[in-house]
1. Just wondering, is there one or more residues in the range 145-161 that are over 19 Å from residue 211 (Cβ atoms) and buried (at least 23 other Cβ atoms within 10 Å of the Cβ)?
2. What's the number of the only condition in (1) touching a residue at least 40 places away in the same chain (Cβ under 8 Å); (2) farther than 15 Å from residue 125 by Cβ; (3) part of a helix (DSSP H, G or I) that residue 143 fails to meet?
3. Could you give me the residue pairs with C-beta distances under 8 Å whose first residue belongs to the range 199-219 and is polar (S, T, N, Q), whose second residue is part of a helix (DSSP H, G or I) wherever it lies, and which are 6+ apart or on separate chains?
4. Give me the residue from the range 279-290 that is in contact (Cβ under 8 Å) with a residue 40 or more places away in the chain and not in a helix (DSSP H, G or I) and, out of that set, surrounded by the most Cβ atoms within 10 Å (Cβ to Cβ).
5. Given the residues 68, 7, which is the only one that is among the aliphatic types (A, V, I, L, M), touching a Phe, Trp or Tyr at 6+ places or on another chain (Cβ under 9 Å) and either modelled with pLDDT of 85 or more or farther than 17 Å from residue 164 by Cβ (or both)?
6. List pairs: first in the range 57-73 and over 10 Å from residue 40 (Cα atoms), second open to solvent by 60 Å² or more (accessible area, probe 1.4 Å) and of a type in the set (Phe, Trp, Tyr), Cβ under 6 Å, 6+ apart or cross-chain?
7. Would you pick out the residues in the range 11-57 that are buried (at least 16 other Cβ atoms within 10 Å of the Cβ) and modelled with pLDDT under 75?
8. Would you point out the residue of the range 207-242, among those that are modelled with pLDDT of 95 or more and in contact with a Gly (Cβ under 7 Å, 6 or more places away or on another chain), that is most open to solvent (accessible area, probe 1.4 Å)?
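The values are calculated or read from the model by the stated rules, or taken from the named source; none is laboratory data. No experiment lies behind these values; they were computed from the predicted model shown. Cβ placement follows ideal geometry from the backbone for every residue including glycine, while neighbour counts extend to all protein chains displayed. Note: accessible area is taken over every heavy atom of the protein model, side chains too, but ligands, DNA and RNA are not part of it. Shrake-Rupley method; radii C 1.70, N 1.55, O 1.52, S 1.80 Å.
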Amino acid sequence: MGERAAARASVEAMFREEYGRLLASLVHRFGDLDLAEEVASEAVEAALVHWPVDGVPDRPGAWLLTTARRKAVDRLRRDRAYAARLAVMQVEADRAVPAPPPEAGDDLPDERLRLFFTCAHPALPAEDRAALTLRCLAGLTTPEVARAFLVPTATMAQRIVRAKKKIRQARIPFRVPGADELPERLPGVLGVLYSVFTEGYAASSGPDLQRPDVAEEAIRLARILHRLLPAEREVTGLLALMLLVHARRDARTAPDGSPVLLDEQDRSRWDRPMVEEGLGLVPVALTGGPPGPYGVQAAIAALHDEAADAASTDWPQIVALYDVLLALTASPVVALNRAVAVAMRDGPRAGLALLDELADEPRLRGHHPYPMARADLLHRLGRHAEAADAYRQALDLAGTDAERTLLRRRLTQVTDQH
């Protein structure tokens with residue numbers, strides 16, 4: 001690789017890793033997301049011109065920030081009305097809670113915590129929050145964000161423009177909530193990250209079951225948030241949960257791309273260093289007060305990851321943890337997962353009875369794991385005709401080709417047995 005190509009690769013790698021920090025610093029300084037994005041991009045373009053000639057600076061983050069700030073000031077000097085509006089916004093930003101100081105030896109102040117809470121502000125629609133988080137904090141381009149959510153680039157561009165317009169018109173402040181607001185606002189930030197991770201772990205549509213690149217971006221963002229809020233146990237719990245689940249990625253699909261369910265996975269293919277990292281975070285997430293939903297889910301994932309196989313899994317403890325989680329969330333999906341765990345502990349008849357109690361739950365009607373779980377338990381009870389009907393229901397609801405492949409195979413098995 002030549003010097004010019006190496007410099008370009010260095011800029012691109014730095015841009016991907018540090019874009020969120022650069023953008024957040026510019027937003028904090030100038031109070032405008034559009035301006036910050038424009039001058040950040042111009043600074044990177046300038047680096048691509050100068051670094052191959054002059055060499056990569058010792059402090060590339062500081063170089064980019066200084067360059068971007070100069071470009072922003074030049075713009076403001078040319079547009080007095082724009083500058084006046086930003087001055088008002090900057091006064092509001094200056095009243096905000098200070099961001100954490102940069103780490104020793106760091107050359108770019110870390111203002112990303114403000115940006116996390118801005119992108120996940122409750123005034124924004126849920127789909128816009130996730131898109132804006134990936135665009136601003138993960139540094140993904142608009143086409144990359146569009147691919148992450150399997151929508152056309154033009155559609156995603158409209159979402160991002162709409163979100164930024166809402167921030168500007170509603171005067172949503174770029175700030176970290178105060179201590180009294182944090183418990184109310186933090187779950188929204190965590191929910192955005194978890195929704196991104198879930199799309200990577202189990203794609204809502206498309207040919208593939210998993211989208212590891214999306215899951216890994218969510219984990220990277222969770223690591224950033226954990227560094228910025230190390231004392232928040234639910235942040236720790238979410239990171240632990242992501243690691244413990246993503247560690248199974250290589251064992252979750254068969255050679256034809258179809259899903260391999262947890263009890264059938266080759267556990268030697270799990271990422272053991274990632275499992276160990278997640279296991280180390282779980283006690284922190286559960287210590288120091290009542291557990292939160294992410295900490296409890298991480299504890300459930302830890303029990304699965306510690307077990308040698310499905311038979312030796314501590315199902316009584318998993319059921320007990322689902323009892324806690326259900327009390328915290330009252331979620332029908334949690335009730336579904338608890339029923340499956342009860343079936344593993346007490347037998348398929350007990351689990352099926354709990355699933356039947358959820359038959360009228362509207363939030364499960366379009367959720368294919370519900371009829372799939374019923375089909376599995378009916379199959380185990382020898383009720384093959386009913387199992388076949390349930391597999392057909394799940395097949396109609398499944399969103400990915402990979403899931404449909406598995407369901408067709410199981411439908412054929414129970415039909416042949418019937």
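1. First, pick out the residues of the range 145-161 that are over 19 Å from residue 211 (Cβ atoms): 154, 157-158, 160-161.
From what's left, buried (at least 23 other Cβ atoms within 10 Å of the Cβ): none.
Checked against the condition, which is being over 19 Å from residue 211 (Cβ atoms) and buried (at least 23 other Cβ atoms within 10 Å of the Cβ), the range 145-161 yields no hits at all.
2. With respect to (1) touching a residue at least 40 places away in the same chain (Cβ under 8 Å); (2) farther than 15 Å from residue 125 by Cβ; (3) part of a helix (DSSP H, G or I), residue 143 is out only on (1).
3. Listed by first residue and then by second, the contacts come to 210/200; 210/201; 210/249.
4. Within the range 279-290, the match that is surrounded by the most Cβ atoms within 10 Å (Cβ to Cβ) is 287.
5. Step by step, each of 68, 7 is checked, and only 7 is among the aliphatic types (A, V, I, L, M), touching a Phe, Trp or Tyr at 6+ places or on another chain (Cβ under 9 Å) and either modelled with pLDDT of 85 or more or farther than 17 Å from residue 164 by Cβ (or both).
6. 57/63
7. Hits for the range 11-57 are 11, 14, 15, 18.
8. Going through the qualifying residues, I end up with 233.
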